[in-house]
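This report concerns only the one structure given below.
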There are 2 protein chains.
Amino acid sequence: MDKNAPPNSASTVADVAREAGVSKATAARVLGGYGTVSEKVRVAVMAAAEALDYRPNELARSMTTGRSGTIGVIVGDIENPFFSLAVRGITDVARQAGFTVVLVNSSEDARNEEAALRTLLAKRVDGLIVSPAKESETDHLRDAARSGRPLVLLDRGSETLGVDTVVANDRHAAESITRKLIARGHRHIAYLTACDTPDHHFRTPADIHTGSVRRRIEGFFSTCQEAGMTDVEHNIHVGAVTPERTRAIIMAMIEAPLRPTAIIASDSVIALEVFKLCREFAIRIPDDLSLVSFHDADWTSVTTPPVTVIRQPVYQLGETAARLLVRRMKGDVGPPTRTVLETELVERASVSMPDQSSEPPHRG
Amino acid sequence: MDKNAPPNSASTVADVAREAGVSKATAARVLGGYGTVSEKVRVAVMAAAEALDYRPNELARSMTTGRSGTIGVIVGDIENPFFSLAVRGITDVARQAGFTVVLVNSSEDARNEEAALRTLLAKRVDGLIVSPAKESETDHLRDAARSGRPLVLLDRGSETLGVDTVVANDRHAAESITRKLIARGHRHIAYLTACDTPDHHFRTPADIHTGSVRRRIEGFFSTCQEAGMTDVEHNIHVGAVTPERTRAIIMAMIEAPLRPTAIIASDSVIALEVFKLCREFAIRIPDDLSLVSFHDADWTSVTTPPVTVIRQPVYQLGETAARLLVRRMKGDVGPPTRTVLETELVERASVSMPDQSSEPPHRG
DNA sequence: AACGCTATTGAGACCGGTCTCTTTCTAAAT
DNA sequence: ATTTAGAAAGAGACCGGTCTCAATAGCGTT
């Protein structure tokens, strides 16, 4: 009679059990796919479930099992191609392992990150992948780790926090590109990042709380110094958080008495802004200004000239982090690991050749 | 004694109640922020919670309240800038309204989408935003709607399914760009999309199951026909799903006896591939070939020449869908709405000017 | 002093699953 | 035929919250 009409409210194991004429426990065994049941009963229960349009309540299941089948992911900004690609890597692995992803943008704000973490922990995610906004503020991460749920840090590590980390070899990448620029005669190289300091000025690498960027700046800084360059800290520009601020910084840089001959952009979004501005002001790349960018964004190969970039294995970064997390969630309790993925310098045409360099080597 | 040492397993309201010397119900009232409690008891309970490092279990809360505080989002591919921007719009609104987002990639596959939907429904998301891979296969969406949880369709609508939809005015956009190309003397215009048909050939718009693309093709098709063009269906190319396939299609197109003088790319990923190939084969844009793309991706303004695009309000698409969903989740039960957001033709320099056109008007 | 009203608290059912413990039943082993 | 292992099914506790309902307490009123 009521077999064809699904009830108003979702039906439960108890409903199915009643319909099939068995106990709740037995119905649960069939529906949950555990324990042992006779074939006859199995068929009856399945038929009842079908008739009642039964849909399991994953929430209730999670509460008893203690596992929710979800992993929480906190990134700075999903709109940034770097993160969207990394998240793709994460979701692919997660899906394959039977997990779904809960995504939160921190907008690179430590407070947002902390709130997000609390929410995700409250929702009982089985594991977490976080790209921490600030390495200096990691109390909330420590809490997460302490909660017993595995945590993997993505792109930005914290050496002090004993937790799994997957990063690129940022420092080495920065060193090699800086060396390359120096070899081509550049003596005034600017480094431009979205990371900010309280007074928007750079003094020492310790001011930079975003791990990946700090390591790059350390590499840049020391390579410059080894080459005998002075006042390197004045060539490191922070706070390129919006297109407007980025433009203002670049403008000031260009109009300064000692105008840089090369710019290293810390991400593709900034590089794009530099490129736009150069075009707008008819600054020729690489003749007037050389440009190098971190992250091999799709468009960098298609501009005139194509942009020399440091290719990071972004998808693999996400993939590796997720794989590591899955292993931890399965019970691997080894000591925390730090995975460093290699980068690759892709030389295109946005860096001036040695003979084109307007400055002779060793001038200043 | 055990006040400073948090217990091994997470503490619960019952633990806090015991610690504070009150009943479970009272502790729950304080912790859950409902009902009425005396100030004295409130303080005592909070102190106990603090001491025990109490963290609410959102899962348990969800089970009784029936609401999980999450919204499920299914998109084709988060890596595609279109979707990552739309998702950013969704997450921003969701966060503001107190919801977190569970994200799933369907890889534009209806079966994946169905599985994802089942999972999300089982996890008891409070609402859903889906960008359906196929408008023809919507049984699973109907199920979702029937489950009582609000559903909003993003970018791709289904007229038959009575459900809220947020789309761009794709048809009108396609018409206007096609008209513009025709006005500039183009008589052989190719349309290139990632959507595919079983035999990889296009016959009628009804073959295309992705709503937004079908509407664009309808606009393109009818505008071409109105201009007296024949065999328009042969100029619509489907199945540009990977860079390799895209290249093969473009190559065939270029080598055909009647080579198109203009290409409309259905998304920025395809446009980028066209651009790359043109550069590789020294095909000049716009002199040899005009290019127009849907979606104003960041890089399109920075190429040489910059690409003429149809700017879609992508962030707003996500934002609007999320706002609508939030309203529904709050109990709005009006009839299903269909929101159409306007697009804008951004003319840059990838379309040949009339006087540069190699073909005189009305030739064929 | 008796009464009524409200603020505060406690007891316990409930959400929808899982899972342990028992009991019953079947069939192989001695 | 009797013993016994193991399969199959049921009863009911439990997860960690919410929420209803009843009991108690405190206060103003007449």
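The values are calculated or read from the model by the stated rules, or taken from the named source; none is laboratory data. Since this is a predicted model, take the numbers as computed values, not measurements. Using ideal geometry, Cβ is built from the backbone for each residue, glycine included, and neighbour counts are taken over all protein chains shown. All accessible areas refer to the heavy atoms of the entire protein, side chains included, with ligands and DNA or RNA removed. Shrake-Rupley method; radii C 1.70, N 1.55, O 1.52, S 1.80 Å.
Sorted by accessible area (1.4 Å probe), largest first, how do A:Arg18, B:Arg124 line up? Could the numbers behind the result be given before it?
Values: A:Arg18 165, B:Arg124 40 Å².
Correct descending sequence by accessible area is A:Arg18, B:Arg124.
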(message) Which of A:Glu114, A:Glu347, A:Glu255 ends up with the largest GNM mean-square fluctuation for chain A, with Cα atoms connected below 10 Å?
(response) A:Glu255
(request) Take every DSSP beta bridge with both residues inside chain B and express the antiparallel ones as a percent of the total, to the nearest 5. (result) 10
(request) Pop out the ³J(HN,Hα) list for segment B:157-174 in order, Karplus 6.51 cos²θ - 1.76 cosθ + 1.60 with θ = phi - 60°, rounded to Hz; leave Gly and Pro as x. (result) x, 9, 5, 6, 6, x, 8, 4, 9, 10, 9, 9, 7, 3, 4, 4, 4, 5
(request) Report the local net charge at B:Glu113: Lys and Arg +1, Asp and Glu -1, summed over other residues whose C-beta lies under 15 Å from its C-beta. (result) -3
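Please report, in debye to the nearest 20, how large the charge dipole of the protein assembly as shown is about its Cα centre when each Lys and Arg carries +1 at its beta carbon and each Asp and Glu carries -1 there. Intermediate results must be reported in sequence, preceding the final value.
Values: 86 positive and 94 negative charges, 432 e Å.
Its charge dipole is roughly 2080 debye.
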(message) Whole angstrom only: what separates the Cα centroid of segment A:25-82 from the Cα centroid of segment B:131-187?
(response) 32
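For A:Asp92, what is the net charge nearby, where nearby means another residue's Cβ is under 12 Å from its Cβ and Lys, Arg count +1, Asp, Glu -1?
On the way: positive: A:Arg88, A:Arg95, A:Arg323; negative: A:Glu319, B:Asp77, B:Glu79.
With Lys, Arg at +1 and Asp, Glu at -1, the neighbours total 0.
Only helical DSSP H runs with n ≥ 4 go in: add -39500 (n - 2.57) per run for chain A, normalise by residue count and round the 222 nm mean residue ellipticity to 500 deg cm²/dmol.
Numbers: 12 runs with 148 residues, N = 364.
Taken over chain A, the calculation gives -12500 deg cm²/dmol.
Once you charge only the Cβ atoms, +1 for Lys and Arg and -1 for Asp and Glu, what is the size of the charge dipole of chain B about its Cα centre, to the nearest 20 debye? Could you put the intermediate results ahead of the total?
Values: 43 positive and 47 negative charges, 264 e Å.
With only Lys, Arg, Asp and Glu charged at Cβ, the dipole is about 1260 debye.
Run the numbers for A:His172 and A:Arg42: contour at 0.36 nm per residue of separation, minus the present Cα-Cα distance, in nm. Intermediate results must be reported in sequence, preceding the final value.
Working: separation 130, 0.36 × 130 = 46.80 nm, distance 6.02 nm.
Extra length from A:His172 to A:Arg42 when fully extended: 40.8 nm.
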(message) Under the convention of a label 7 Å out along Cα→Cβ, give the distances in nm from B:Pro257 to the same position in every other copy, shortest first.
(response) 7.2
(request) List the residues of segment A:79-115 whose accessible area drops by at least 50 Å² when all protein chains are present, compared with their chain alone, using a 1.4 Å probe and counting only protein heavy atoms. (result) A:Glu79, A:Arg88, A:Arg95, A:Thr100, A:Leu103, A:Asn105
(message) Percent of Cα-Cα pairs more than 15 Å apart in segment A:13-56, please.
(response) 23
(request) State the antiparallel share, in %, of DSSP beta bridges confined to the protein assembly as shown, rounding to the nearest 5. (result) 10
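Would you please name the trypsin sites (Lys or Arg not before Pro) within segment B:37-71 that are DSSP coil residues with at most 16 other C-beta atoms within 10 Å of their C-beta?
Sites meeting the loop and neighbour criteria: B:Arg67.
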(request) Could you list which residues have their amide H under 5 Å from that of A:Thr100, counting only those 5 or more apart in sequence or on another chain, with H placed in the peptide plane? (result) A:Thr70, A:Ile71
(message) Which one, B:Ala256, B:Ala44, B:Thr119, is farthest towards the positive end of the dipole of chain B when Lys and Arg carry +1 and Asp and Glu -1 on their Cβ?
(response) B:Ala44
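Give me the percent of the accessible area of chain B that comes from carbon and sulfur atoms, probe 1.4 Å, all protein chains in place. Please report the intermediate quantities before stating the final value.
Values: 8350 of 15940 Å².
Summing carbon and sulfur atoms, their accessible area is 52 percent of the total for chain B.
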(request) State, to one decimal in nm and shortest first, how far the label point of B:Lys330 sits from each corresponding label point in the other identical copies (label point: 7 angstrom along Cα-to-Cβ). (result) 4.6
(request) Give me the accessible area per residue for segment B:13-56, probe 1.4 Å, as a whole number in Å². (result) 57
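From the square roots a ≥ b ≥ c of the eigenvalues of the alpha-carbon gyration tensor of the protein assembly as shown, which class results: rounded (a/c under 1.5), prolate (a/b over b/c), or oblate? Each step should come with its number before you reach the end.
On the way: a/c = 2.32, a/b = 1.22, b/c = 1.91.
Oblate, since a/c reaches 1.5 and b/c is not below a/b.
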(request) Count charges around A:Gln312 for me, please; just the other residues with Cβ under 12 Å from its Cβ, Lys/Arg as +1, Asp/Glu as -1. (result) -4
(request) Taking a label point 7 Å out from Cα toward Cβ, give me the nm distances from A:Gly228 to the same spot in the other copies, shortest first, one decimal. (result) 7.5
(request) Report the accessible surface area buried between chains A and B, summing both sides, using a 1.4 Å probe on protein heavy atoms only, in Å² rounded to the nearest 100. (result) 4500
(message) Tell me the accessible surface of B:Lys134 in square angstrom (1.4 angstrom probe, heavy atoms of protein chains only), to the nearest ten.
(response) 60
(request) State the Cα centre-to-centre distance between segment B:304-355 and segment A:265-301 in whole Å. (result) 28
(request) Please report, in debye to the nearest 20, how large the charge dipole of segment A:13-56 is about its Cα centre when each Lys and Arg carries +1 at its beta carbon and each Asp and Glu carries -1 there. (result) 160
(message) Please check: in the Gaussian network model of chain A (C-alpha springs, under 10 Å), which one of A:Asp15, A:Asp77, A:Asp92 has the largest mean-square fluctuation.
(response) A:Asp15
(request) Please calculate how many Å² of accessible area segment A:182-300 carries per residue, with a 1.4 Å probe and no DNA, RNA or ligand atoms counted. (result) 39
(message) For chain B, set up a GNM with springs between Cα atoms under 10 Å and report which of B:Glu344, B:Glu19, B:Glu79 has the largest fluctuation.
(response) B:Glu19
(message) Quick query: amide H of A:Glu135 versus all other amide H atoms, modeled in the peptide plane; which residues come in under 5 Å with a sequence gap of 5 or more or a different chain?
(response) A:Thr210, A:Gly211
